[in-house]
Every structure is written in C-alpha cells, then in structure tokens.
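Below: the structure, in structure tokens.
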Amino acid sequence: YEICACLVGSEMCIRDSLAVASGSDLVRQPFVGKDPNYYVQQLYGHNAGTNVVPLTMQDEPVTGQQDLYATAAVDKHSNELIIKVANTGIRNKRIKLNLNGLSAGKHKGTLTLLHSSDLEAKNTLCNPSAVVPVVSDIEMEAPQMDVNLKPLSFSVYRIKYEMNDVSKVFFPTSRPTK
C-alpha cells in the first residue's frame, strides 16, 4: 500500500496500519480513524474561547518547563474560564492553580482528559477507543486549587465564572534553591 506523496505531512497522512492475516500472506490495511493527534487538535479548536488570558509559571508563559505546556482563555458567551494543559512528561505532576479574578469558593465545570500512560498506545481497527477524550464534571475551589496532571496527558478545564473579567491564571512553583 502506497501513500500518495501529496498526503505526506498533511493532516490526511495515514499514521497507523493494522496487519491482517490473509491466508499465509500478511496484508497491511490502512487505519482510517481518529488518533490522539486528531483529538488534541479537536480539543484545541472546540475550546478556543473568545479572549486569551495570561497563564504563566514563574512569570513566564508555560512552554515546556517541567514538561508542561498550557494556555488559558475565557468564553464570554458561556462565562467559562478555559485552561488547556499538556503534560508531556512520564510522571504525574501535582500543581497549584491560582485563579486570580474568580470569586472565592467552589465553581462547577468540566474536565476533558486525553490520556494514556503507554506512549505507544494507539487507536486501531481492533481497538478504535484506546486513546479517547473522557469528559467528567468537576468542582474547583478558587482562588487556588490543587490539580493532578496525569503523565502523557492533555487536559481541558472549563470552569464557570460569574465575573465579567478573569484577569490572570498562573502555575506558581518555587524556584529551586541553590
């Protein structure tokens, strides 16, 4: 089976195949389905929000420090703070989220989690749901809450708010002492 050169590197590129026994020959069948990369793109697109808000760790954007990547936005139509966090590391991360701008107390929301502890896990014809997003209802405490990020995960938090302005969200961590 050949992949057309025009598809290589595009979103249409086939990334997975399944070997199927056909008599004594091994025939490779393309897997045309939703892989984890598809779900990450879908989660980013469906959780864009209307306004980006700053999200920092040690006063810097979260762009790979401690294997974390994160962005935040508000959706003024649904009155939700949206926080997207990728933990690309192989260990759980326990972090504190400071939700400056949210009123103190409990806030209802949802967590959409895309996770597999197996770096080689992939969706196949035999198991098309090996790695799929799971949505759960959550209740979060503001102005500060502890969050556990699973290894090799992508998390989307959507937190209801009542204020018209959510000013800043950040991950505080202490700098290592020398």
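Report the residues of region 95-116 in range of a label on Val132: point 7 Å along Cα→C-beta, backbone N strictly under 15 Å from it.
113-116
Over region 41-118, what is the relative contact order in whole percent, taking alpha-carbon pairs under 8 Å and six or more residues apart? Don't skip to the end; give the middle numbers.
Working: 75 pairs, mean separation 17.1, N = 78.
Rounded, it is 22 percent for region 41-118.
Which ³J(HN,Hα) values in Hz, rounded to whole numbers, follow from the phi angles of region 35-52 under the Karplus curve 6.51 cos²θ - 1.76 cosθ + 1.60, where θ = phi - 60° and Gly and Pro get x?
Per residue, the Karplus-derived 3J(HN,Hα) values read 9, x, 4, 4, 5, 4, 4, 5, 5, 4, x, 7, 10, 6, x, 9, 9, 6 Hz.
Please give the length that would be gained between Ser78 and Tyr38 if that part of the chain were fully extended, namely 0.36 nm times their separation in residues minus their C-alpha to C-alpha distance (nm, one decimal). Could the numbers behind the result be given before it?
Values: separation 40, 0.36 × 40 = 14.40 nm, distance 2.48 nm.
The Ser78-Tyr38 span can extend by a further 11.9 nm.
Taking a 1.4 Å probe, which of Thr71, Thr56 shows the most accessible area, and what order do the others take after it? Intermediate values should be presented prior to the final figure.
On the way: Thr71 60, Thr56 20 Å².
Ranking Thr71, Thr56 by accessible area, largest first, yields Thr71, Thr56.
Going by the alpha-carbon gyration tensor, a ≥ b ≥ c the square roots of its eigenvalues, is region 28-85 rounded (a/c under 1.5) or, if a/c is not under 1.5, prolate (a/b greater than b/c) versus oblate?
Numbers: a/c = 4.85, a/b = 1.51, b/c = 3.20.
It is oblate, given that a/c is not under 1.5 and a/b is not larger than b/c.
Sort His115, His77, His107 by heavy-atom solvent-accessible area, probe 1.4 angstrom, most to least. Write down the numbers at each step before the final one.
Working: His115 55, His77 165, His107 20 Å².
Solvent-accessible surface, decreasing: His77, His115, His107.
What is the spin-label model distance, in nm, from Lys108 to Lys150 if the labels are put 7 Å beyond Cα along the C-beta direction?
Spacing of the two 7 Å Cα→Cβ label points: 2.4 nm.
Once the piece of chain linking Asn98 and Leu125 is laid out straight, how much longer is it, given 0.36 nm per residue of separation minus the C-alpha distance between them? Don't skip to the end; give the middle numbers.
Numbers: separation 27, 0.36 × 27 = 9.72 nm, distance 4.19 nm.
Length gained between Asn98 and Leu125: 5.5 nm.
The values are calculated or read from the model by the stated rules, or taken from the named source; none is laboratory data. All figures in this text were calculated on a predicted structure; none of them were measured in a lab. Reconstructed Cβ throughout: ideal geometry from the backbone, glycine too, with neighbour counts over all protein chains shown. Areas reflect the complete protein model, heavy atoms only, side chains present, ligands, DNA and RNA absent. Shrake-Rupley method; radii C 1.70, N 1.55, O 1.52, S 1.80 Å.
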